[in-house]
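Here's the structure we're looking at; comments come further down.
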Amino acid sequence: MPVFVEDPALLSKSRLKSDLVAHNVELPAAGSKKEVYLKLHLKHIGRKNTAGFSSKSQNNICSCEQSPEDAVTLDPTSLTDEDLKAALLAHGVKAGPIVASTRTLYEKKLSKLLQSAGHKHLNGAEKGVLYSDSEEEEEEEENGEEDAESGIQTDLFPDAQTTPTGIYATRRRPIKGAAGRPIQYLYPDSPVSPTTLERREVERRLVPVLVQIVVFLVVACVLYLTCIYLLDKSFSPLEQTSTSSFTLYFPLMGV
Amino acid sequence: SSGNMSTTSQKHRDFVGEPMGDKAVTALSGIGETLGKKLATDGFDKAYVVLGQFLLLRKDTEMFTEWLKDTTGANSRQAVSCAQCLKEWCDAFL
């Protein structure tokens, strides 16, 4: 932690900018050069520094703006009134006068804001793991609706795993409300656009078709194997004694 | 209780209907005997002192509610009622 007063000229442009924000100084136009920021810095903040303004708390604020990880460790109770107000402003909260009766409240507010900022950061990381880039667009659009329903799904089938392919047995209407259980949506049905309804309709049909194909293939295989077996083993009984159906099936049963 | 609710809303109408003048804190809706005493010991003996705090918080009802709960141990209903009362008074008289 530097004890000396830093030379503003040595600071980066972004650092100058964040310092200005922290001190409630109006920023120049977006594309302004570093000199403009430097002038403002010297004018508004330089004076305060020579008047014994602690550069320690200033650093605290800057770190909170630079990285969200550091922001969590920032202690609002150690800030000066001025810095507390600036930090709140940096989080989009316009604080009133920070006096004895309001200070603790604003400290609380800031620590809450810092916490939620850190939380958001975490959530973002988790999302990155959960939803890969290869996921279908359609699914991401419907995430909201599916979240509502998946709650009920996991309720009905605690063992069932939600798959990224979006194939759920419960998406078929007849299964819903099975066993006389009343279906309760977590959120009331919101009006949806016709395209969404269309997509849902397609999706609903899609699942049984897949199942049907699988079942059809299995049945076809069984029939094919039975045919082969019958042709191989029952040629002789068919030609020799084609009198009764019993003899036709006899070889099958004998093996 | 429901009886409490109706007296509170009557209190609300009474407070919001006229300048607060020199009224005690207990004239604020949501502030009963207990909370009034607690506020008075903290220096908030008049409704206008509480209004001062409300104004310091820039008429932010959420922040004010938080403050009232923290300092007096008021429950959410009481705190929200008081904040609403002051907010409406400000809308009418400031």
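The values are calculated or read from the model by the stated rules, or taken from the named source; none is laboratory data. Quick caveat: nothing in here was measured; it's all calculated off a predicted structure. Surface areas here come from the heavy atoms of the whole protein model, side chains and all, with no ligands, DNA or RNA. Shrake-Rupley method; radii C 1.70, N 1.55, O 1.52, S 1.80 Å.
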Report the accessible surface area buried between chains A and B, summing both sides, using a 1.4 Å probe on protein heavy atoms only, in Å² rounded to the nearest 100. 1000
Can you show me the helix-derived [θ] at 222 nm for chain B, built from DSSP H runs with n ≥ 4 at -39,500 (n - 2.57) apiece and divided by the number of residues, rounded to the nearest 500. -21500 deg cm²/dmol
Using modelled backbone amide H atoms (1.01 Å from N, in-plane), which distant-in-sequence or interchain residues come within less than 5 Å of B:Ala24's amide H? B:Ala47
Going by accessible area, probe 1.4 Å, with all protein chains left in place, what is the ranking of A:Glu82, A:Glu107, B:Glu33, largest first? B:Glu33, A:Glu82, A:Glu107
What number comes out for accessible area per residue over the range B:3-93 if the probe is 1.4 Å? Units Å², please. 49
Mind scanning A:Lys108/B:Lys59; A:Lys94/B:Lys87; A:Lys94/B:Lys37; A:Lys94/B:Lys38 and naming the pairs with a C-alpha gap bigger than 24 Å? A:Lys94/B:Lys37; A:Lys94/B:Lys38
Interface residues, the range B:52-68 - accessible area loss of 50 Å² or more versus chain alone, probe 1.4 Å: B:Leu56, B:Arg58, B:Met63, B:Glu66
Under the rule a/c < 1.5 gives rounded, and otherwise a/b versus b/c splits prolate from oblate, where does the range B:3-93 land using the Cα gyration tensor? rounded
